[in-house]
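Encoded as structure tokens, the structure appears first; notes follow it.
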Amino acid sequence: MPIAESIGALARLKDEGKIRHIGVCNVSESQLREAQQIAPIVSVQNRYNVTDRSSEQMVDLCEQEAMIFLPWAPILDLDQKPIVQEIAENHGASPRQVALAWLLARSPAMLPIPGTADREHLEANIAAAALELTPAEVAQLNAAA
């Protein structure tokens, strides 16, 4: 379906008061720009994590334009990155927590929503927000892509 058609339908729903905001998913910058011509866009949800940086420019764009960036699959393929395990051990944290802390350190526009199976998992995910990576650790994780 053409993006203009889908965003147009969402804009009508917003005008009718049936939805409050419009976000887009799996878009390129040109698709986002096209959507913005039709209606205000508040968020972008694209795949992004320590090992997949294909949406790097979109994160920057969201930050510049005061939109939220929601990375889908925020924690993926950590077994392939020994540096994640090393940093986790240095902080007494899990690799998942390091991956989430890296996302939060990456941009104030970032809003990761990791999958949560139970209360323990939820508490571990929340604890990642308090994990402060050093600039050197962030640089190591940046280089790990």
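Which members of the range 1-58 meet the condition of being under 24 Å from Ile75 (Cα atoms), hydrophobic (A, V, I, L, M, F, W, C) and in contact with a strand residue (DSSP E or B) (Cβ under 9 Å, 6 or more places away or on another chain)?
Val24, Cys25, Val27, Val42, Val44, Met58
Of all residues being among the small types (Gly, Ala, Ser) and either without any contact (Cβ under 8 Å) to a residue 24 or more places away in the chain or in contact with a His (Cβ under 7 Å, 6 or more places away or on another chain) (or both) in the range 29-63, which is surrounded by the most Cβ atoms within 10 Å (Cβ to Cβ)? Just the residue, please.
Here the residue is Ser55.
Do you know which residues across the range 59-76 are in contact with a strand residue (DSSP E or B) (Cβ under 6 Å, 6 or more places away or on another chain) and not aliphatic (A, V, I, L, M)?
Cys62, Phe69, Trp72
Applying the selection to the range 85-106, what residues are surrounded by fewer than 15 Cβ atoms within 10 Å (Cβ to Cβ) and either under 22 Å from Phe69 (Cβ atoms) or charged (D, E, K, R) (or both)?
Of everything in the range 85-106, those that are surrounded by fewer than 15 Cβ atoms within 10 Å (Cβ to Cβ) and either under 22 Å from Phe69 (Cβ atoms) or charged (D, E, K, R) (or both) turn out to be Glu86, Glu89.
Of the residues Ser94, Ser54, which single one is of a type in the set (Ser, Thr, Tyr) and more than 14 Å from the chain's Cα centre (by Cα)?
Ser94
Can you pull out the residues in the range 97-111 that are among the hydrophobic types (A, V, I, L, M, F, W, C) and in a helix (DSSP H, G or I)?
Matches in the range 97-111: Val98, Ala99, Leu100, Ala101, Trp102, Leu103, Leu104, Ala105.
Do we find a residue being surrounded by 13 or more Cβ atoms within 10 Å (Cβ to Cβ), under 20 Å from Glu56 (Cα atoms) and at pLDDT 95 or above anywhere in the range 124-136?
yes
Quick one: which helices (runs of 4 or more DSSP H) lie wholly within the range 1-93 and hold at least 2 residues that are at pLDDT below 95 and closer than 27 Å to Thr116 by Cα?
Fully inside the range 1-93 and qualifying: 82-91.
Quick one: how many residues across the range 112-142 are without any contact (Cβ under 8 Å) to a residue 60 or more places away in the chain, part of a helix (DSSP H, G or I), touching a helix residue (DSSP H, G or I) at 6+ places or on another chain (Cβ under 8 Å) and closer than 21 Å to Trp72 by Cα?
Total meeting the criteria: 6.
The values are calculated or read from the model by the stated rules, or taken from the named source; none is laboratory data. Bear in mind the structure is a predicted one, so any value in this text is a computation, not a measurement. Positions of Cβ are backbone-derived with ideal geometry, glycine not excepted, and every protein chain shown enters the neighbour counts.
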